[in-house]
């Protein structure tokens with residue numbers, strides 16, 4: 001069975017500071033990994049995904065993540081936080097056989113302060 | 001290109017009733033998935049339909065069911081509602097051959113009293 005662990009349910013950073021949201025996964029098969037963002041009263045929007053190939057993945061809004069198989073991690077980073085980044089972020093895993101069946105982490109709420 | 005549309009956005013039901021939620025996917029997308037989001041359990045996969053057939057199913061009781069029509073629109077039904085069914089129900093669509101990139105609607109927020 002696949003699972004995702006997101007460390008830290010709440011993360012607070014200052015505007016302009018580095019954003020680091022942690023995600024570790026467990027999967028018995030090569031995983032597909034995703035980061036989604038959810039703004040209040042909205043659905044989820046894909047930030048970036050890793051399927052195969054390059055392990056450093058760049059997404060929208062300046063976010064990127066690195067797939068580290070040895071650490072079973074897929075942490076999300078952004079060099080400089082903006083107020084508009086305040087939202088809830090979800091890491092998710094699936095596999096090639098059931099690509100649309102995502103297993104989500106519990107989410108990390110990012111707060112950005114002045 | 002219109003996004004995923006879910007109706008209704010908000011609804012209130014009482015225990016024992018049933019509810020039907022509707023989802024219109026992005027034009028051309030043939031896969032529709034449903035997820036339940038609650039504060040306690042987070043985001044959980046309900047089921048996925050592709051070309052009118054259920055392709056994957058999550059671990060939910062039989063009270064939760066769905067279907068997909070020939071135009072790819074999908075409905076999910078919850079019968080004999082329980083208080084614990086109060087949740088945001090999210091629909092997502094994806095294109096054939098997708099590697100998991102889901103496009104989500106804004107959800108239907110169900111409150112069971």
Worksheet, complete the sentence: So, with points 7 Å from each Cα along the Cβ direction, the residue A:72-residue A:15 label distance in nm works out to 4.0
Worksheet item: Can you sort B:99, B:53 by how many other beta carbons sit within 10 Å, fewest first?
Response: B:53, B:99
Practice prompt. Name the residue, out of A:70, A:27, A:100, whose mean-square fluctuation peaks in a Gaussian network model built on chain A with Cα pairs under 10 Å.
Written response: A:70
Response to the item:
Counting other chain Cβ atoms within 10 Å of each Cβ in B:100-110 and taking the mean gives 6
Fill in: For residues of B:27-33, the mean tally of beta carbons on other chains within 10 Å
1
Worksheet item: residue A:114 versus residue B:80, label points 7 Å from Cα toward the beta carbon: distance in nm?
Response: 5.5
Worksheet item: For residue B:20 and residue A:42, what is the calculated FRET efficiency with R₀ set at 25 Å and r taken between the beta-carbons, to the nearest 0.05?
Response: 0.65
Practice prompt. State, in angstrom, two size descriptors of chain B derived from its alpha carbons: Rg to one decimal place and Dmax to the nearest whole number.
Written response: 13.2, 41
Worksheet item: Per 5 Å bin from zero, what fraction in whole % of the C-alpha pairs of the protein assembly as shown is there, up to the bin with the longest pair?
Response: 1, 7, 15, 19, 18, 16, 12, 7, 3, 1, 0
Practice prompt. May I ask you to compute the full-extension gain from residue B:12 to residue B:53, defined as 0.36 nm times their residue separation minus their alpha-carbon distance, rounded to one decimal in nm?
Written response: 11.8 nm
Worksheet item: In a GNM of chain B with a 10 Å cut-off on Cα contacts, which of B:65, B:33, B:24 has the highest mean-square fluctuation?
Response: B:65
Worksheet, complete the sentence: So for region A:12-70, using the alpha carbon gyration tensor with a ≥ b ≥ c as root eigenvalues (a/c under 1.5 gives rounded; past that, a/b versus b/c decides prolate or oblate), I'd call it prolate
Worksheet item: Residues of B:49-60, mean number of Cβ from any other protein chain within 10 Å of their own Cβ, rounded to a whole number?
Response: 1
Practice prompt. Measure off 7 Å from each Cα along the Cα-to-Cβ vector at residue A:3 and residue B:70, then give the distance between these two points in nanometres to one decimal.
Written response: 4.6
Worksheet item: In units of 2.2 N^0.38 Å, what is the alpha-carbon radius of gyration of region B:1-42?
Response: 1.45
Discussion item. Over chain A, with a Gaussian network built from C-alpha contacts below 10 Å, which listed residue (A:92, A:81, A:65) shows the highest mean-square fluctuation?
Written reply: A:81
Item to complete: Let me have the relative contact order for chain B, percent, based on Cα pairs under 8 Å that are six or more residues apart.
Response: 36
Item to complete: Treat the count of other C-beta atoms within 10 Å as a stand-in for reagent exposure and order A:23, B:91, B:23 from fewest to most.
Response: A:23, B:23, B:91
Discussion item. Only counting other Cβ atoms within 10 Å, I'd like B:9, B:67 sorted with the fewest neighbours first.
Written reply: B:9, B:67
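Rule-based calculations on the coordinates, nothing more; no lab input. Keep in mind that what you see is a predicted model, and the values were worked out from it rather than measured. Don't worry about glycine lacking a Cβ; one is built from the backbone with ideal geometry, like all the others, and counts go over all protein chains shown.
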